[in-house]
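Here the structure is laid out as structure tokens; the discussion comes afterwards.
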Amino acid sequence: MTETPKKAPTCSICGKPVDPAYKPFCSKRCANVDLHRWLKGSYVIAGGRADEQMADEEPASPPPDDKE
Ligand SMILES: [Zn+2]
């Protein structure tokens, strides 16, 4: 293996060099493009996660019908 210089990360949307301010994207526009894709793709999953979050917020209290 020959030493290869670290390639600068490129925007997964358009392939341009990543801007640290918007990484892992090159610009806010590309970041938004990916965000919208992500939101669309996770719409269904988001519904399921809402339940998980609610359960997580509930304090671990003992069940009311725990007779002992
Ligand atoms: Zn881009």
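No value in this document is a laboratory result; all are computed from the given coordinates. Note that this is a predicted model, so its numbers are computed, not measured. All Cβ positions, even for glycine, are placed from backbone atoms using ideal geometry, and neighbour counts span all protein chains on display.
Among the lysines, which fall within straight-line cross-link reach of Lys40, defined as a Cα-Cα distance under 21 Å, with same-chain neighbours fewer than 8 residues apart omitted?
Lys23, Lys28
What number comes out for the charge environment of Ile13, summing +1 per Lys or Arg and -1 per Asp or Glu over other residues with Cβ under 14 Å away?
Net of charged neighbours comes to +3.
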